[in-house]
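FYI, it's all coordinate maths here, none of it is from the lab. Here the structure is a predicted model, which means the values were calculated and not measured. All Cβ positions, even for glycine, are placed from backbone atoms using ideal geometry, and neighbour counts span all protein chains on display.
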């Protein structure tokens with residue numbers, strides 16, 4: 001059988017490759033972004049309760065009503081933004097599904113989409129499936145800031161969408177007030193839509209606030225704002241996310257969503273609705289992960305690696321230029337095999353494979369895992 005691939009240049013993701021290499025080498029896996037510790041037992045008990053109560057059939061397409069109401073309450077409390085839980089909040093099968101539905105809802109053949117690199121790898125394939133054209137703008141190394149003049153210069157009559165991801169994976173950069181001001185000014189008098197990937201909204205450090213686009217009426221009216229329960233509650237494998245979107249944007253997203261998954265896991269949605277009342281869990285998440293970042297960074301101070309600024313997410317970018325001139329892909333592979341620590345080479349997040357001699361480590365791990373990994377890195 002001969003098939004014409006719609007994504008001919010894509011193969012196995014770097015996450016799968018590095019995890020497989022880590023498993024084969026018996027390495028500590030700091031490459032893929034998932035915790036090696038368990039979630040709160042209360043959450044597991046709630047899932048079991050709703051399973052036993054018979055909540056095992058299809059949920060409503062938009063999501064369990066109580067969960068949507070709890071999301072609306074949280075967004076109102078944190079961001080002073082009002083979203084109608086009946087029509088402007090959609091529960092999805094992970095943030096990745098929400099991203100697919102949002103991009104697909106608005107991008108047509110020939111439309112241009114602005115992407116900031118290094119870019120999480122779920123964006124460009126969807127743009128290309130829709131016939132859109134990715135326009136790449138590089139965050140400025142080493143602080144990964146946005147050059148807003150470059151953004152302005154790359155907007156054209158064909159620009160349909162801008163994809164933002166802050167707190168930023170893989171770099172840990174966060175938005176500042178000036179960034180939001182520039183964005184509002186640039187988009188004024190345009191019909192450009194935004195997809196704002198905010199899955200690390202509760203993981204922001206060093207006193208920085210999370211600047212959700214939901215907080216700004218000028219931006220919220222044109223934005224799909226996407227988040228993830230997996231990142232917040234340490235249950236990435238449950239694949240439950242959600243999307244906030246106004247009126248017409250929400251309706252178009254739901255048209256796609258209903259034919260992707262229709263509805264997401266029912267007992268888990270009920271459990272999450274109850275667990276959201278435990279507000280200290282997400283309120284304390286930043287401090288929880290800042291501790292882990294600090295543990296990892298302190299341990300690396302005696303090494304030849306140089307941590308770059310990280311103000312959000314659970315990823316740490318580390319400069320290895322004083323150690324090796326190898327490509328980041330080659331160095332990441334050698335580090336995994338020879339020293340037993342797996343990382344992600346960030347050049348894979350650039351369409352031109354830009355290599356700044358840095359690696360991305362995930363610190364969403366037990367303290368003992370981080371300390372053991374750091375001890376091995378001290379030997380490099």
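Quick one: what Rg and Dmax do you get for the range 308-380 from the alpha carbons, in Å?
Taking only Cα atoms of the range 308-380, I get Rg and Dmax of 12.1, 37 Å.
Roughly how many Å is it from the Cα centre of the range 27-54 to that of the range 101-126, as a whole number?
About 31 Å separates the Cα centre of the range 27-54 from the one of the range 101-126.
When the Kirkwood hydrodynamic radius is evaluated over all pairs of different C-alpha atoms of the range 85-243, what value in angstrom, to one decimal, is obtained?
Kirkwood hydrodynamic radius for the range 85-243: 15.9 Å.
At residue 20 and residue 37, where each label point lies 7 Å from the Cα along Cα→Cβ, what is the point-to-point distance in nanometres?
It is 3.1 nm.
Quick one: if the Förster radius is 25 Å, what FRET efficiency do residue 326 and residue 140 give, using the C-beta to C-beta distance and rounding to 0.05?
That pair, residue 326 with residue 140, gives E of 0.55.
Pulled fully out, how much extra length does the chain show between residue 291 and residue 12, if you take 0.36 nm times their separation in residues and subtract their Cα-Cα distance? Show your work: numbers first, answer last.
Numbers: separation 279, 0.36 × 279 = 100.44 nm, distance 3.31 nm.
Taking 0.36 nm per residue and subtracting the Cα distance, the gain is 97.1 nm.
Which value does Rg/Rh take for the range 176-276 over its C-alpha atoms, Rh per Kirkwood?
Rg/Rh for the range 176-276 comes to 1.01.
Pop the C-beta distance of residue 73 and residue 2 into the FRET formula with R0 = 35 Å and round what comes out to the nearest 0.05.
0.10
Taking 0.36 nm per residue of sequence separation and subtracting the Cα-Cα distance, how much length would be gained by fully extending the chain between residue 129 and residue 149, in nm to one decimal?
Full-extension gain reported as 4.3 nm.
Just how far, in whole angstrom, is the range 131-195 from the range 341-360 if you go by their alpha carbon centroids?
Spelled out, the Cα-based centre of one part sits 21 Å from the other.
Need the full-extension length gain, residue 178 to residue 338, defined as separation in residues times 0.36 nm minus the C-alpha distance. One decimal, nm.
Additional length available on full extension: 53.2 nm.
So in the chain, what percent of DSSP beta bridges are antiparallel if you round to the nearest 5?
50 percent
Could you list the square roots of 5 times each eigenvalue of the Cα gyration tensor of the range 74-167, that is, the equivalent ellipsoid semi-axes, sorted largest first and rounded to whole Å?
Equivalent-ellipsoid dimensions as semi-axes: 25, 19, 13 Å.
Got a sec? Which residues in the range 69-94 would a label at residue 218 touch, if it sits 7 Å along Cα→Cβ and we count backbone N under 19 Å?
80-82
Summing -39500 (n - 2.57) over the DSSP H runs of n ≥ 4 in the chain and dividing by its residue number, what mean residue ellipticity at 222 nm do you reach, to the nearest 500 deg cm²/dmol?
That calculation yields -11500 deg cm²/dmol at 222 nm.
Hey, fewest Cβ within 10 Å first, where do 111, 153 land in order?
Sorted ascending by nearby Cβ count, the order is 153, 111.
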